[in-house]
Amino acid sequence: MLYIIDSANLEEIRSLVEYYPIDGVTTNPTIISKEHNPDFLALIRAIRSIIGEERMLHVQTTATRAEEIIKEAYALKEIVGGNFYLKVPISEEGLKATRKLKGMGINVTVTAIFTQQQALIAAKAGAAFVAPYVNRLDNIVSDGVHVVTEIVELFKLHNITSCRVLAASFKSIEQVHKTSMIGCHAVTLNPDMFQKLVYHPLTLTAIEDFNKDWAAVYGDRKILDMAEN
Ligand code: G3P
């Protein structure tokens, strides 16, 4: 499963890329606006420079007409470079743009997915990823993981291999875990979720015990010191 950072905060991205096996970054206008950076293009260029050319960078269009979406896609692909995906919210104009961009060889992630049929038709239109919003579905007493499960199942049933499911909008590790259990291809997470993924109090206790037991016999001597002497 791919782990993607859902943020445009440069410090957080830099730190996460250093510590975690990160496959890319997703942004949207809300995420971008949180950085209060008047130079949007400089911000996405900086993200690309931190994550390198190979990791995916998904940048969302702000255009609403297919022709404008296509022009933005070309401009952004040129500016962002590397492994680039244009995010397009699902709509008729978005689907039209997706079909044309697929033909032009530009990867599209169709986002703001709330139903299984939105995902299926986006995949048929040529999306490389569809992004269902798990927590926002849970918030309306729907079932986000169930929707993701059925999208993954639909893609298997209809032999759709050109489109993957990039689940988004997570607030709990339980949501992430259940999403990974059903074979979802990718998740995009807020930076603070990564720490929560690896934290466990019993792990900290185990490490304290290891250190204490070692020190009882070897004091503050390190393995490296022993190996070098
Ligand atoms: O990638 C989409 C995501 O940013 C939406 O998440 O937390 O605003 O529901 P959220």
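The values are calculated or read from the model by the stated rules, or taken from the named source; none is laboratory data. On a predicted model such as this, the values are computed, not experimentally measured, just so you know. Positions of Cβ are backbone-derived with ideal geometry, glycine not excepted, and every protein chain shown enters the neighbour counts. The area values use the complete protein model at the heavy-atom level, side chains included, leaving out ligands, DNA and RNA. Shrake-Rupley method; radii C 1.70, N 1.55, O 1.52, S 1.80 Å.
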Within-14-Å neighbourhood charge of E54 [Cβ basis; K, R +1; D, E -1]: 0
Tell me which residues come under 5 Å, amide H to amide H, from N107 once H is placed; ignore anything under 5 positions away on its chain. L86
Measure of exposure for E78: accessible area at 1.4 Å probe, Å² rounded to 10, is 150 Å²
Within the chain, excluding any trypsin sites (Lys or Arg not before Pro) found in a DSSP loop (not H, G, I, E or B) and having at most 13 other Cβ atoms within 10 Å, the longest uninterrupted segment runs 66-220
Where region 71-138 is the region considered: accessible area per residue in Å², 1.4 Å probe: 42 Å²
By how many degrees, between 0 and 90 and to the nearest 10, does the Cα long axis of helix 116-125 differ from the longest principal axis of the chain? 70 degrees
Rg and Dmax of the chain, Cα atoms only, in Å: 20.7, 71
Say R0 is 35 Å: what FRET efficiency, to the nearest 0.05, do H158 and V17 get from their beta-carbon distance? 0.50
Do the alpha carbons of any pairs in K77/K171; K71/K156; K87/K156; K71/K124 sit beyond 26 Å of each other, and which pairs? K77/K171; K71/K156
Over the chain, what percent of the accessible surface lies on carbon and sulfur atoms, probe 1.4 Å? 54 percent
For region 184-195, in order, what is each residue's ³J(HN,Hα) by Karplus, 6.51 cos²θ - 1.76 cosθ + 1.60 with θ = phi - 60°, in whole Hz (x at glycine and Pro)? 4, 6, 7, 10, 10, 10, 4, x, 5, 5, 5, 4
If you add up the charges near T149, with Lys and Arg at +1 and Asp and Glu at -1, over every other residue whose beta carbon is less than 14 angstrom from its beta carbon, what do you get? -2
